[in-house]
Amino acid sequence: MVNKLGFEFVYTSAKIEGSTVSRKDTSIILDTGTATSGIPINDAVMILNLDQAYKYILKNNLIPDLHTMNEVHVLLASGLLKNPRDVGEMKTRDNWVNGCNYHPLPPGSVLRTEIENVFSIYKTLKDPFDRALYLHNNIAYMQYFADCNKRTSRCMQFISMKYDNVMPLMLLDKDDKSLYEKYIDALVEYYTTGSYEKSKRYFIDNYITMGNFIKNSEINQDLDKYIQHPYMVISCQDPKTCEQLSSIAKEVGIRSKALKHYFLVEPEILKVSQINLSACQVYESIKHFFIKRELSEQNKKLFLCTDNK
């Protein structure tokens, strides 16, 4: 799971920055450490740098502060900036943001004071999600570095959530271009109006998507684990069916487990091995065994099945 999410972190971050490298070629670059034929060298370097940053963040207990931000920028920007002196340091000339009329502060003492102020305000916030979103948007807004500001802000958001012991947000690509368009749109809204509304909506929607992905992946991993042991696996159309069957099994002392759309039970109970059964068929398959055990009246009623599918 860590590797899968790491790949998504690298791939989606690169796509946000304009990379056109496919998932397959991204995987090859990460496996070999080099660009495949026809891949722009800067895209390959960006992908490898993002991977290095991800692993560094996971390995180390980093504090979300200015020093860490500079460290992360070194990992992300190495080999990509025209002036190597700009790596991990405040920019030395003005930069612009494409797609809007926002003009960031020029390099100098005012910009330095403002970025320090960002971290000072950050420390006063209590909610981990508020802290993460605030840090992300304002690091991106400040444009403190010559380049790689957005990817630095996403890494710092990750670090903030890890520091606060909550699952960091990982964007998941589902061949939906709006994932990237909405990200940029939300940032542009913040740049030009100071509103967090689109950013909050984007964060919440993608956090839910990530949570569902992890939950379903864990279910599949659990299923794989149980399939390796002597259990019969039945697929149920309705998760409630699995929960009901598990409740009955527990009542009569039978080993079983409900995994969303799957019901796992000791194999000697069942005489069939079909999957994708309807609710009624599932009941019929086990009732001849369970009915011999003493069941509560409530659970006996579960066997009064009217599903004729």
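The values are calculated or read from the model by the stated rules, or taken from the named source; none is laboratory data. Owing to the predicted nature of the structure, the values given are computational and were not obtained by experimental measurement. So basically every Cβ, Gly included, is an ideal-geometry build from the backbone, and we count neighbours across all protein chains shown.
In the set (1) of a type in the set (D, E); (2) farther than 24 Å from A35 by Cβ; (3) modelled with pLDDT of 95 or more, D51 fails one condition alone, (2).
Restricting attention to the range 178-219 and to residues that are assigned to a helix (DSSP H, G or I) and small (G, A, S), the residue that is nearest to the chain's Cα centre (by Cα) turns out to be G211. Name every residue in the range 29-59 that is without any contact (Cβ under 8 Å) to a residue 12 or more places away in the chain and either within 18 Å of K150 (Cβ to Cβ) or surrounded by 19 or more Cβ atoms within 10 Å (Cβ to Cβ) (or both), in order of residue number. Result: A35, single match.
Residue by residue, here is whether (1) over 19 Å from L5 (Cβ atoms); (2) not small (G, A, S); (3) not assigned by TED's automatic domain parsing to the domain that holds L111 holds:
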site: A132; (1), (2), (3): no, no, no
site: Y141; (1), (2), (3): yes, yes, no
site: R154; (1), (2), (3): no, yes, no
site: P168; (1), (2), (3): no, yes, no
site: L171; (1), (2), (3): no, yes, no
site: K174; (1), (2), (3): no, yes, no
site: K177; (1), (2), (3): yes, yes, no
site: K182; (1), (2), (3): yes, yes, no
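Every listed requirement among (1) surrounded by fewer than 21 Cβ atoms within 10 Å (Cβ to Cβ); (2) touching a helix residue (DSSP H, G or I) at 6+ places or on another chain (Cβ under 9 Å); (3) modelled with pLDDT of 95 or more; (4) among the hydroxyl-bearing types (S, T, Y) is met by T193 save one, (2).
Evaluating E8 against the criteria (1) more than 30 Å from T124 (Cα to Cα); (2) in a loop (DSSP other than H, G, I, E, B); (3) of a type in the set (D, E) leaves one unmet condition, (2). The residue of the range 65-89 that is surrounded by the fewest Cβ atoms within 10 Å (Cβ to Cβ), among those that are more than 21 Å from Y134 (Cα to Cα) and among the charged types (D, E, K, R), is K82.
Residues in the range 110-151 that are within 15 Å of I63 (Cα to Cα) and either within 17 Å of the chain's Cα centre (by Cα) or of a type in the set (K, R) (or both): K123, P128, R131, A132, H136.
Of all residue pairs spaced 6 or more apart or on separate chains, those with beta-carbon atoms under 6 Å, a first member in the range 94-118 that is within 16 Å of I184 (Cα to Cα) and modelled with pLDDT under 95 and a second member that is among the β-branched types (V, I, T) and surrounded by 11 or more Cβ atoms within 10 Å (Cβ to Cβ) are G99/V188; C100/V188; C100/T192; Y102/T192. Scanning the range 40-96 for residues that are basic (K, R) and either in a helix (DSSP H, G or I) or not assigned by TED's automatic domain parsing to the domain that holds D164 (or both) returns K55, K59, R85.
Of the residues C148, C100, only one is surrounded by 17 or more Cβ atoms within 10 Å (Cβ to Cβ) and under 30 Å from A44 (Cβ atoms); which? It would help to see each step written out before you state the result.
Values: C100 fails: surrounded by 17 or more Cβ atoms within 10 Å (Cβ to Cβ).
Step by step, each of C148, C100 is checked, and only C148 is surrounded by 17 or more Cβ atoms within 10 Å (Cβ to Cβ) and under 30 Å from A44 (Cβ atoms).
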